[in-house]
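Heads up: the structure comes next, in structure tokens.
The values are calculated or read from the model by the stated rules, or taken from the named source; none is laboratory data. Here the structure is a predicted model, which means the values were calculated and not measured. All Cβ positions, glycine included, derive from the backbone under ideal geometry; neighbour counts span all protein chains shown. Only protein heavy atoms, including side chains, enter the accessible area calculation; ligands, DNA and RNA are left aside. Shrake-Rupley method; radii C 1.70, N 1.55, O 1.52, S 1.80 Å.
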Amino acid sequence: MKLFIKEVIIKLQAKGFSNRDINAITHFSRKKINELSATISEKLVKTCSLKEFLEDELVVSANVLENILSSRALSGIEKTDFVTKALLYGCTYDFIVQVIGISKGVISQVSKTLHDDRLAIAINKIKKKVALVDDGVEKRVSITTREKK
């Protein structure tokens, strides 16, 4: 029975439902949902260095990667390209600001141009967080996965 409940929770979380929504849909106890959600999310956190995340997940160019890691400024096109990739991946504004040091207003402008593309892209919604470890310092990155209504 526990396995069945866990599978149902995983499927509903993959669709972007919160624990409260899952409770309303399934009528499973909130305590059971919270317990199982905690064990599910612990197993799904991926830890990698900032360099690995940028290379493997966002697939940024070598030049952009070098500039970000050495804290050098990016050109306008490089910034737009990075913000586009990060938003499509599901990174938060705070993560983008922390990595390349631009204002949230600039990110918002790029985000407005991507609205239609973001709805079409498929993001693995179960992996909601990526823990970045760079130089021994761990940074948590929240991945926005809930579909807009």
A student applying the Cα gyration tensor rule (rounded when a/c is under 1.5; otherwise prolate if a/b is larger than b/c, oblate if not) would label the stretch 60-100 prolate
What is the percent carbon and sulfur in the accessible area of the stretch 23-91, measuring with a 1.4 Å probe over the protein chains and ignoring ligands? 54
Taking a crude spin-label model, label points 7 Å out from Cα along the C-beta direction, the R30 to S71 distance in nm is 4.4
Going down the list K15/K79; K11/K104; K6/K31; K11/K31; K51/K112; K85/K112, which pairs span over 23 Å between their C-alpha atoms? K15/K79; K11/K104; K51/K112
Full extension from A14 to T47: what is 0.36 nm times the residue separation minus their Cα-Cα distance, to one decimal in nm? 9.9 nm
